[in-house]
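A.B. asks: Here it is: the structure, laid out below.
The values are calculated or read from the model by the stated rules, or taken from the named source; none is laboratory data. Predicted model only: the values in this text are computed from it and were never measured. Positions of Cβ are backbone-derived with ideal geometry, glycine not excepted, and every protein chain shown enters the neighbour counts. Surface accessibility is based on the protein's heavy atoms, side chains included, excluding ligands, DNA and RNA. Shrake-Rupley method; radii C 1.70, N 1.55, O 1.52, S 1.80 Å.
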Amino acid sequence: MTRWAVDTEATTQYLAEMVAINSVNPSLVPGAPGEMQMAEWLTKTCTDLGLNVIIQHGTHGRPNVIATWLGKGSGRSILLTGHMDTVSVESMDIPPFEPRIEEGRLYGRGAFDMKGGLASILGAIKALKDGGFEPTGRIILAFVCDEEYASAGTEKLVKEIKVDAAILTEPSEMKLCIAHRGFAWLTLTTQGRAAHGSLFDEGVDAIAHMGRVLGALEKMDAETLSKRHHPLLIRPSVHASLIQGGLGLSTFPDACTLQIEHRLLPNERGENILALWRGALGKLSQEDPQFHADVRLDFERPGYEIADNAPIVQTMREAFTDVAGKIPEMSGMLAWLDSALLGAAGIPTVILGPGGAGAHAAVEYVELGDVHNCAAIIAGAVERWTSLPRENAQLQV
Ligand SMILES: [Zn+2]
């Protein structure tokens, strides 16, 4: 296999130009510009690289950019993907859209999460093009919108695309990430009885009863969830997020509402969590006939896991070892990623992205050396993967 020479200057330039574009997600920050300018820049850059580019228009003008390099034979197809949007720039301590390079790091909003990963994809394609590579299988680049809010971009993408594997370049700190946790949002409500504050034998205090629910939540986390182990994801967890209740100082509260978030292991689903809560609330009602509460599952995103001997993982491991001179560390990410949607659509996905810091924080930067190494690893993986014969003929884009 060839070691592809990455044009480090061009790759850094790609990154700097992308960081200079404001692509704050407007679903997070009303009035923010979103991904359109990124989509225009990527369309031009991918066209200049000789790829066929289409823009997939989503709801409210939110675009995905899909760039294709057609293969000349029947090798396996691969998707290289990442999100164009970033979180808010509020409370940042550095100019968000004026990329600055210092001691091998590039600073700015989105440098780490995840324009560094997007630059690695572009750097890999440039390296392959510069080296005269002619793919046997199809290479598809997908730059998606809205990952930081509802993942509308990848949801749309997976409906219209079929590929044999994917590399997602979220910042994995140069580890090969093969698992991440999911999450579930639930609402718990306690029902009391409203009464004048003086009427101690009439009123039922829904807020005090919620205290028992909070006690059950701490117990569930400490005694039940802490015992569920995963080699890469450690354990599932739960926390209380938002609470509301009360009618006035001199009134027994009639109801109290608590919204909570569970973080799930890949084999856990919202319905399992719902059953756990029904059990816990049932126990509290048995202890006190005046205790009334119910629980509702509002939203869930399952986690993701791929076997560490899956073909795409092996391909990435080989390409990584070739470039880095050492076997990659396998990792899991505690946060949720779009790979869950890709995996659920039947696309085996592995995550590799550069190191850095400050995703969603006041100072954000990415390690440029990692961005360049990632590009070399992706180029090597693309060469290996697309030269493998396809196992079963799937429909392509
Ligand atoms: Zn991200």
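A.B. asks: If the requirement is being small (G, A, S), away from the ligand (no atom under 16 Å from the Cβ), surrounded by 15 or more Cβ atoms within 10 Å (Cβ to Cβ) and within 15 Å of the chain's Cα centre (by Cα), which of these qualifies: A206, A184? Please lay out each step first, then the result.
C.D. replies: Working: A206 fails: within 15 Å of the chain's Cα centre (by Cα).
Within the list A206, A184, the selection yields A184.
A.B. asks: Run down I306, I273 and say which single residue is of a type in the set (A, V, I, L, M), touching a helix residue (DSSP H, G or I) at 6+ places or on another chain (Cβ under 8 Å) and in contact (Cβ under 8 Å) with a residue 40 or more places away in the chain.
C.D. replies: Working: I273 fails: touching a helix residue (DSSP H, G or I) at 6+ places or on another chain (Cβ under 8 Å).
Exactly one of I306, I273 is of a type in the set (A, V, I, L, M), touching a helix residue (DSSP H, G or I) at 6+ places or on another chain (Cβ under 8 Å) and in contact (Cβ under 8 Å) with a residue 40 or more places away in the chain, namely I306.
A.B. asks: Taking the range 339-375 as the region of interest, how many residues are assigned to a helix (DSSP H, G or I), within 22 Å of P99 (Cβ to Cβ) and either of a type in the set (A, V, I, L, M) or away from the ligand (no atom under 16 Å from the Cβ) (or both)? Lay out the reasoning, then the answer.
C.D. replies: Step one: of the range 339-375, the residues assigned to a helix (DSSP H, G or I) are 339-344, 368-375.
From what is left, the residues that are within 22 Å of P99 (Cβ to Cβ) are 368-375.
Remaining after also requiring either of a type in the set (A, V, I, L, M) or away from the ligand (no atom under 16 Å from the Cβ) (or both): 368-369, 371-373, 375.
Residues in the range 339-375 being assigned to a helix (DSSP H, G or I), within 22 Å of P99 (Cβ to Cβ) and either of a type in the set (A, V, I, L, M) or away from the ligand (no atom under 16 Å from the Cβ) (or both): 6 in total.
A.B. asks: So if I check each of Q290, Q244, which one is touching a helix residue (DSSP H, G or I) at 6+ places or on another chain (Cβ under 9 Å), over 30 Å from D164 (Cβ atoms), open to solvent by 70 Å² or more (accessible area, probe 1.4 Å) and of a type outside the set (D, E, K, R)? Break it down into steps so the answer makes sense when it comes.
C.D. replies: Numbers: Q244 fails: touching a helix residue (DSSP H, G or I) at 6+ places or on another chain (Cβ under 9 Å).
Only one candidate qualifies: Q290.
A.B. asks: When you check S250 against the structure, is it open to solvent by less than 50 Å² (accessible area, probe 1.4 Å), free of Cβ contacts under 8 Å to residues at least 60 places away in the same chain and out of contact with any helix residue (DSSP H, G or I) (no Cβ under 9 Å at 6 or more places or on another chain), yes or no? Break it down into steps so the answer makes sense when it comes.
C.D. replies: Working: open to solvent by less than 50 Å² (accessible area, probe 1.4 Å): no; free of Cβ contacts under 8 Å to residues at least 60 places away in the same chain: yes; out of contact with any helix residue (DSSP H, G or I) (no Cβ under 9 Å at 6 or more places or on another chain): yes.
No; evaluated as a whole, the condition is false for this residue.
A.B. asks: Being within 30 Å of E391 (Cβ to Cβ), modelled with pLDDT of 95 or more and within 16 Å of the ligand (Cβ to nearest atom): is that true of L80 here? Steps first, answer last, please.
C.D. replies: On the way: within 30 Å of E391 (Cβ to Cβ): yes; modelled with pLDDT of 95 or more: yes; within 16 Å of the ligand (Cβ to nearest atom): yes.
So L80 passes the test.
A.B. asks: Sticking with this one: Kindly indicate the residue of the range 382-397 that is touching an Asp or Glu at 6+ places or on another chain (Cβ under 8 Å) and either in a helix (DSSP H, G or I) or at pLDDT 95 or above (or both) and also farthest from V163 (Cα to Cα) among those meeting that condition.
C.D. replies: Residues of the range 382-397 touching an Asp or Glu at 6+ places or on another chain (Cβ under 8 Å): 384-385, 390-391, 394, 397.
Within this subset, residues satisfying the condition of being either in a helix (DSSP H, G or I) or at pLDDT 95 or above (or both) are 384-385.
Working: R384: 15, W385: 12 Å.
The extreme case among them is R384.
A.B. asks: Quick one: which strands (runs of 3 or more DSSP E) sit completely within the range 71-127 and have at least 2 residues that are surrounded by fewer than 24 Cβ atoms within 10 Å (Cβ to Cβ) and over 16 Å from the mean Cα position of the chain (by Cα)? Full working, then the answer.
C.D. replies: Working: elements: 78-83, 100-102, 105-107.
The strands (runs of 3 or more DSSP E) meeting that bar are 100-102, 105-107.
A.B. asks: Now for a different question. Output the residue which, of all residues in the range 309-327 that are over 24 Å from R235 (Cβ atoms) and touching a strand residue (DSSP E or B) at 6+ places or on another chain (Cβ under 7 Å), is farthest from the ligand (Cβ to nearest atom).
C.D. replies: Only one residue fits best here, namely R317.
A.B. asks: Quick check on K283: is it touching a helix residue (DSSP H, G or I) at 6+ places or on another chain (Cβ under 9 Å) and open to solvent by 20 Å² or more (accessible area, probe 1.4 Å)?
C.D. replies: In short, yes.
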